[in-house]
Amino acid sequence: MTLQQLNYFLTAIESGTISKAAEMLKISQPSISDQILRLENELGTNLFIRTNRRLILTEAGQKLEPHARIAIQAAQNGNQAVQSVRELKDGIASFGTFSSAYQYFLTDLICEFHANYPGVNLKIIGPNSAEVAQAVIDGEIEAGLVMLPINAKNLSVSEPVWSTELGYVTADSERAKGTKDIHALLNSPLILTEATWRNSDPIRKILNQRAEAVGATLKPVIEIEHQQTAFELASRGVGDMLASKPILHHLGYGERLKWTALTPPVFEKFAFIHRADTAISPATREIIQMMKRYLSRLKASSEDMENL
């Protein structure tokens with residue numbers, strides 16, 4: 001049984017006669033008749049009742065039809081999958097990601113992608129999850145990896161692909177002690193990042209909601225854009241910040257700064273997004289697949305860090 005035979009079989013069903021099937025396939029009538037006969041001989045039964053006017057499916061033919069369609073579709077899907085990878089010779093991959101991704105793996109990922117597909121141009125943005133989500137909605141980029149929750153209007157959002165716990169980070173041993181609930185945060189010299197996106201940043205929203213619940217307003221002593229700067233300021237004792245253990249240790253501040261879990265816990269959760277009504281290009285799909293592999297490695301190392 002071959003895919004060609006199954007294709008001829010399905011075309012004969014759709015056209016109703018061998019002669020019309022031959023016309024549709026642009027082959028000779030004896031060729032299609034011979035292949036269908038070979039298929040019937042292999043199966044040991046007739047697939048059609050041949051009348052002067054039309055082909056009629058036998059019971060065996062009726063049972064074969066859905067399986068033939070599945071086989072042809074699977075073959076087409078497989079061909080398209082291989083072609084989409086093989087043909088990454090030009091075009092552009094556009095993607096957005098959370099601002100600290102470059103600290104973890106983004107540079108290595110870009111180098112690997114460029115080495116594998118030198119003809120494909122890359123557009124990678126990474127200001128803030130809220131802005132990445134808006135860029136996907138607006139069609140400026142195809143997909144992104146963002147921190148949840150985000151505005152999911154017109155977006156397809158994957159299940160979380162990575163999650164890490166946020167903690168209170170300080171160089172002061174005394175301030176590292178005790179419960180770090182919203183009351184403690186309100187009385188702490190906080191350095192908060194993502195200053196431009198303070199109203200849309202997911203972590204800021206959580207903290208502000210907790211502050212409002214106790215009738216207060218969270219007022220950081222310093223607001224800046226970049227997490228790297230916040231770490232350096234915290235290590236010099238200027239103030240305290242919020243960060244996960246993985247980034248704390250990844251950036252080399254594990255020995256200089258103390259980490260204390262928040263109460264109740266706060267988790268940074270990340271997921272892939274793309275427009276729900278738009279197909280993703282092969283190049284961007286490949287970026288996502290590569291990023292999944294990097295995230296798997298990051299997840300494994302993060303689990304080790306969480307146990308520190």
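Annotations
Quick grid of which residues meet (1) of a type outside the set (S, T, N, Q); (2) in contact with a strand residue (DSSP E or B) (Cβ under 8 Å, 6 or more places away or on another chain):
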{"position": "PRO149", "(1), (2)": "yes, no"}
{"position": "VAL161", "(1), (2)": "yes, yes"}
{"position": "SER173", "(1), (2)": "no, yes"}
{"position": "LYS180", "(1), (2)": "yes, yes"}
{"position": "HIS183", "(1), (2)": "yes, no"}
{"position": "GLU194", "(1), (2)": "yes, no"}
{"position": "ASN199", "(1), (2)": "no, no"}
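- Candidates ALA143, ALA74, ALA133, ALA68, filtered to the one that is closer than 30 Å to LYS20 by Cα and surrounded by 15 or more Cβ atoms within 10 Å (Cβ to Cβ): ALA68
- Subset tally (residues that are more than 16 Å from ARG198 (Cβ to Cβ), among the aliphatic types (A, V, I, L, M) and surrounded by 17 or more Cβ atoms within 10 Å (Cβ to Cβ)) for region 119-130: 2
- Boolean, GLU232 is charged (D, E, K, R), surrounded by fewer than 17 Cβ atoms within 10 Å (Cβ to Cβ) and modelled with pLDDT of 95 or more: yes
- Top-ranked residue of region 272-286 - restricted to ones that are open to solvent by less than 20 Å² (accessible area, probe 1.4 Å) and at pLDDT 95 or above, ranked as nearest to ASN116 (Cα to Cα): PHE272
- Residues considered: GLN289, GLN209. Of these, the only one that is within 26 Å of the chain's Cα centre (by Cα) and surrounded by fewer than 15 Cβ atoms within 10 Å (Cβ to Cβ) is GLN289.
- Looking across region 77-118, just one residue is touching a Phe, Trp or Tyr at 6+ places or on another chain (Cβ under 8 Å), at pLDDT 85 or above and open to solvent by 40 Å² or more (accessible area, probe 1.4 Å), and that is ASP108.
- Region 20-36 residues that are over 19 Å from ASN46 (Cβ atoms) and open to solvent by less than 60 Å² (accessible area, probe 1.4 Å), paired with ones that are assigned to a helix (DSSP H, G or I) and hydrophobic (A, V, I, L, M, F, W, C) (beta carbon under 6 Å, 6 or more apart): ALA22/ILE32
- Among the residues of region 148-204, those identified as assigned to a loop (DSSP other than H, G, I, E, B), open to solvent by less than 50 Å² (accessible area, probe 1.4 Å), under 20 Å from ARG256 (Cβ atoms) and not small (Gly, Ala, Ser) are PRO189, THR193.
- Qualifying residue in region 287-301 (condition: out of contact with any Cys (no Cβ under 8 Å at 6 or more places or on another chain) and not in a helix (DSSP H, G or I)): no
- In region 37-49, of all residues being open to solvent by 80 Å² or more (accessible area, probe 1.4 Å) and either within 19 Å of THR17 (Cα to Cα) or not charged (D, E, K, R) (or both), the one that is farthest from the chain's Cα centre (by Cα) corresponds to ILE49.
- Failed item in (1) farther than 26 Å from LYS20 by Cβ; (2) part of a loop (DSSP other than H, G, I, E, B); (3) out of contact with any helix residue (DSSP H, G or I) (no Cβ under 9 Å at 6 or more places or on another chain), with ASN52 passing the rest: (1)
- Near pairs, Cβ below 8 angstrom, 6+ apart or cross-chain, from region 94-110 (free of Cβ contacts under 8 Å to residues at least 60 places away in the same chain) to any residue that is part of a helix (DSSP H, G or I) and of a type in the set (Asp, Glu): GLY96/GLU131
The values are calculated or read from the model by the stated rules, or taken from the named source; none is laboratory data. Note that this is a predicted model, so its numbers are computed, not measured. Quick reminder, even Gly has a Cβ in these numbers, built from the backbone with ideal geometry, and neighbours come from all protein chains shown. Note: accessible area is taken over every heavy atom of the protein model, side chains too, but ligands, DNA and RNA are not part of it. Shrake-Rupley method; radii C 1.70, N 1.55, O 1.52, S 1.80 Å.
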